[in-house]
């Protein structure tokens, strides 16, 4: 039975997912990709290419920083200070979108890089809190609750954005996202234990990366960790690419308008929320490897179905199915990995987890944007996404089935 303090920590932790979901939904997935590609860049294929490059570059920088942040988190004890510095930087960057004008291509590009970098690096520290403050028997369901609240936050954010979209007040959409992100991150700041100051050293960077290379060697010595990260690299790459380019595919290939995109994404958030809560307890009760294996194959099938989708009506069905698998595969992966981490090494291992996750998000969007640009069509790029899921499944099957 959970005591009141643990319940408070759980809700404060999960609300951080709720907070950053505003960015993920409005900026990362639905409205801003189309706004940047169509209104700022102006040329569809070039817009795809630049959007893919902005996300890939931010993920590359986040990948470089993730091991350092994870290891330095364990060494210095600076957890909350770092996470809130990154939230502030990300929110400030999103606020800058309000000042973009048509053809401010490179200003928009770098603001996207900065905002996305801030979000992704903050998640390294946030994820490492899970095995530290949450009882082991609750890891699966709490991870799912976090993603579930995240989807609920996306729904609220998109409803607010829809109001301003109807008024054609795009600047207010970006400012609202910025405020939402900061406001709902505050419970973690006030509820979590104060940072326990560790030993800050001049050669911290060297020590942090030395610890990262030690973690890397440990990972390669462990078969299950080795194949998990290989699999995670590919299937998460597929998931990230779907999130980043789904609205652009619906808008450019299937002819959805802005309002239809918002309603479509609201549907995805509802079904993602449903998927998270349906699988929350099964994550802790049943074989997690079998559940994740099924979800990766499920995503492979979704990508094939998307390739053969030409009608808006069918894409609504595809989006509903995709939603059911979206939050569940992310939550399940986080819980599965938590079970593989040695005690006391949460920051270092989640730093490496972040490195792999961010690195994977470079290849997918870059590949999708490039294939789309070469063929002047997004449809061949969908097959690229399917290949990523297939590779992820093949590597995941190599993990010990007893886990």
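Of note:
- Using equal-weight Cα scatterers in the Debye expression, the normalised intensity of the chain in log10 at q = 0.11, 0.12 Å⁻¹ is -0.75, -0.91.
- Comparing Cα centroids, segment 237-282 and segment 354-403 end up 17 angstrom apart.
- FRET efficiency estimate (nearest 0.05) - Cβ-Cβ, residue 5 to residue 88, R0 22 angstrom: 0.20
- From its DSSP helices (H runs of at least four residues, each -39,500 (n - 2.57)), the chain gives a residue-normalised ellipticity at 222 nm of -27500 deg cm²/dmol.
- Compared with the dominant principal axis of the Cα atoms in the chain, helix 139-166 is inclined by about 30°.
- For 174, 384, order by how many other beta-carbon atoms lie within 10 Å, fewest first: 384, 174
- Counted by neighbouring Cβ atoms within 10 Å, the residues 225, 86 run from fewest to most as 225, 86.
- Estimated FRET transfer efficiency (residue 222, residue 290; beta-carbon r; R0 22 Å; 0.05): 0.60
- Tensor-based shape of segment 12-134 (alpha-carbon gyration tensor, a/c under 1.5 rounded, otherwise prolate or oblate): prolate
- Arranged from fewest to most other beta-carbon atoms within 10 Å of their beta carbon, 138, 106 become 106, 138.
No lab work stands behind these numbers, since they all come straight from the coordinates. Quantities reported herein were computed from a predicted structural model and do not represent experimental measurements. Quick reminder, even Gly has a Cβ in these numbers, built from the backbone with ideal geometry, and neighbours come from all protein chains shown.
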